[in-house]
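The values are calculated or read from the model by the stated rules, or taken from the named source; none is laboratory data. Keep in mind that this is a model prediction, so the values were computed, not measured. Methodologically, a virtual Cβ is constructed for each residue, glycine included, from the backbone with ideal geometry; neighbour enumeration extends over all protein chains shown.
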Amino acid sequence: MVLEGAQQRTGLHRAIAGPQPDGRTLQRLREMPLARFAYAGALVAGILAGYKLLSLRRHYLAPGEYQERLNAYHARSAKQIYDAVLRLQGLMIKIGQTIGSRPDTFPAEYVRVLSRLQDQVPPRTWQSIRPHVERQLGAPVEKLFAEFDPEPIAAASLAQVYRARLKDGRPVAVKVVYPNIERLVDTDLKLLKGAIWLESRFVYSFPLEPAFQELAANIPFEVDMLHEAENMERIASLLSDHPDIVIPAVVWEHTTERVLTMDYINGIKVTELDRVGEAGIDVRKLSRLVVETYVELMLKHGHFHADPHPGNLFALPGDRLAMVDFGLTKRLSPRFLSAFKSMIVAIFTRDDEGVVRAMEEAGFRLKEGGGEGFRATAQFFRSMTDPATYRNRDLVDAANSDWLEGLKPNPMVDMPGEIILVMRVFGLILGLGFATGLEVDVARIVLHYAKAPATAAALCEAR
């Protein structure tokens with residue numbers, strides 16, 4: 001679910017997407033696997049080859065000229081990716097949204113362009129969605145709802161959301177998974193696997209195969225609305241003693257495998273700081289609440305909402321936080337959770353030998369064994385949780401550069417799949433801090449929960 005004010009109405013994307021292919025070409029790109037492979041593969045290979053060529057020419061250019069050309073290439077590549085994502089849709093939009101939410105990791109040009117995908121995904125027509133909704137719910141829309149606005153309030157990578165009103169007058173949001181999305185997702189996972197293969201040969205930095213495996217395991221759950229509804233109720237129960245956290249209630253009688261009906265909540269996207277302040281909401285308190293909520297879910301309960309990009313987090317009056325879109329959650333295994341907490345304690349107490357032991361126990365592997373790469377990773381985590389770092393792009397770039405340099409002599413060859421969504425959540429939280437410029441003592445909060453015992457459920461449950 002996405003709240004009103006978070007998304008733009010139909011037509012806005014036309015102003016930003018530039019020239020579009022004709023309808024028949026778009027249909028082929030979105031429905032024919034070979035067409036998607038050819039289009040996306042050529043794009044990825046071309047962009048990576050361009051970076052490689054520019055890198056080879058670096059020694060012949062003055063530093064200022066090289067940086068100018070690199071920035072220009074970032075901008076061109078970001079625009080190419082943005083246009084391609086809008087044409088391909090499907091899983092590609094989710095990947096673009098993730099890049100656009102990570103100013104701490106990706107070049108500013110990528111973030112500036114791809115962050116539009118959080119709000120400006122072109123919706124599908126009501127004519128194509130209505131029959132799908134009625135098949136899922138087993139009756140005409142008019143028999144089930146007192147009102148149903150055919151104009152979507154939100155469009156995302158795998159579904160879009162409508163505003164409606166039940167017969168009893170209750171306002172609701174109706175999330176509808178796109179028809180035949182499973183086939184599209186399967187094709188896109190194969191595309192990603194190919195892109196990872198190319199990356200490993202052009203610009204290898206660290207193993208991406210575990211990330212792919214984790215994504216492939218979780219994506220089927222993202223299009224299962226019954227699973228998402230259960231996630232919502234489970235996370236809501238874990239946070240039941242937090243009145244400042246709001247999670248929409250599920251309307252089960254109008255929920256099926258591909259349609260989810262839930263409470264409608266009106267809020268302000270957390271990155272719209274001017275609007276948040278004008279509404280009388282304490283921005284600093286809200287930012288601290290975001291960090292504490294996610295760290296508690298992760299380290300205390302071992303079960304967390306794994307998609308905290310700005311389009312899924314909303315400010316409410318009374319300094320409250322609304323969390324939406326629970327298609328992607330993660331339940332950590334007790335063994336990994338224990339090792340990860342030990343790793344955090346060792347990192348922030350500067351116990352380098354403890355870092356090496358904990359990372360090996362968690363499943364990290366270096367090419368030749370040894371701990372220097374692990375110690376470089378520990379320093380990277382310490383740097384990235386320092387507010388002084390994520391408020392300064394130069395320090396962020398320096399932290400990333402030092403980490404990669406630290407791994408060069410003995411590169412990382414394997415990592416536990418369970419770390420992928422954990423890293424994604426931390427990255428998005430830190431990226432949020434970078435975007436807002438607010439100081440939240442992430443290290444203190446993380447260390448507090450890492451030292452505290454996990455709940456009994458976290459120690460015995462794993463999906």
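Only residues that are under 18 Å from HIS254 (Cβ atoms) and surrounded by 22 or more Cβ atoms within 10 Å (Cβ to Cβ) were counted in region 138-163, giving 7. Is it true that some residue in region 323-336 is closer than 30 Å to MET232 by Cβ, crowded, with 22+ Cβ neighbours inside 10 Å, in contact with a helix residue (DSSP H, G or I) (Cβ under 7 Å, 6 or more places away or on another chain) and modelled with pLDDT under 85? No. Of all the residues in region 349-369, those that are surrounded by 19 or more Cβ atoms within 10 Å (Cβ to Cβ) and in contact (Cβ under 8 Å) with a residue 40 or more places away in the chain number 3. In region 93-112, is there at least one residue being modelled with pLDDT of 80 or more, farther than 26 Å from TRP403 by Cα and either out of contact with any strand residue (DSSP E or B) (no Cβ under 7 Å at 6 or more places or on another chain) or polar (S, T, N, Q) (or both)? There is no residue in region 93-112 that is modelled with pLDDT of 80 or more, farther than 26 Å from TRP403 by Cα and either out of contact with any strand residue (DSSP E or B) (no Cβ under 7 Å at 6 or more places or on another chain) or polar (S, T, N, Q) (or both).
Which count do you get for residues in region 311-351 that are part of a helix (DSSP H, G or I), within 24 Å of ARG382 (Cα to Cα) and not hydrophobic (A, V, I, L, M, F, W, C)? Summing the residues that are part of a helix (DSSP H, G or I), within 24 Å of ARG382 (Cα to Cα) and not hydrophobic (A, V, I, L, M, F, W, C) in region 311-351 gives 4. Selection of first residues in region 263-292 that are closer than 18 Å to ASP441 by Cα and of second residues that are hydroxyl-bearing (Ser, Thr, Tyr) and surrounded by 13 or more Cβ atoms within 10 Å (Cβ to Cβ), restricted to Cβ pairs under 7 Å at least 6 apart or on distinct chains, gives the following pairs, ordered by first then second residue: SER287/THR436.
Restricted to region 352-412, the set of helices (runs of 4 or more DSSP H) holding at least 1 residues that are in contact with a Gly (Cβ under 6 Å, 6 or more places away or on another chain) and either of a type in the set (Phe, Trp, Tyr) or at positive phi (or both) comprises 387-390. Checking PHE364, PHE340, PHE381, PHE304 one by one, the residue that is out of contact with any Leu (no Cβ under 8 Å at 6 or more places or on another chain) and closer than 17 Å to ALA450 by Cα is PHE381 and no other.
Going through VAL283, VAL276, VAL250 one at a time, which residue ends up being surrounded by 14 or more Cβ atoms within 10 Å (Cβ to Cβ), of a type in the set (Val, Ile, Thr), touching a helix residue (DSSP H, G or I) at 6+ places or on another chain (Cβ under 6 Å) and under 23 Å from ILE181 (Cα atoms)?
Exactly one residue qualifies, and that residue is VAL250.
For region 370-385, enumerate the residues that are buried (at least 17 other Cβ atoms within 10 Å of the Cβ) and of a type outside the set (Val, Ile, Thr). GLY371, GLY373, PHE374, ARG375, ALA376, ALA378, GLN379, PHE380, PHE381, SER383, MET384, listed by residue number. Scanning region 253-272 for residues that are part of a strand (DSSP E or B) and surrounded by fewer than 19 Cβ atoms within 10 Å (Cβ to Cβ) turns up just one, ASP263.
Note on region 235-247: residues that are part of a helix (DSSP H, G or I) and surrounded by fewer than 16 Cβ atoms within 10 Å (Cβ to Cβ) total 1.
Counting only helices (runs of 4 or more DSSP H) that sit completely within region 418-463, those holding 3 or more residues that are at pLDDT below 75 and out of contact with any strand residue (DSSP E or B) (no Cβ under 9 Å at 6 or more places or on another chain) correspond to 419-436, 456-460.
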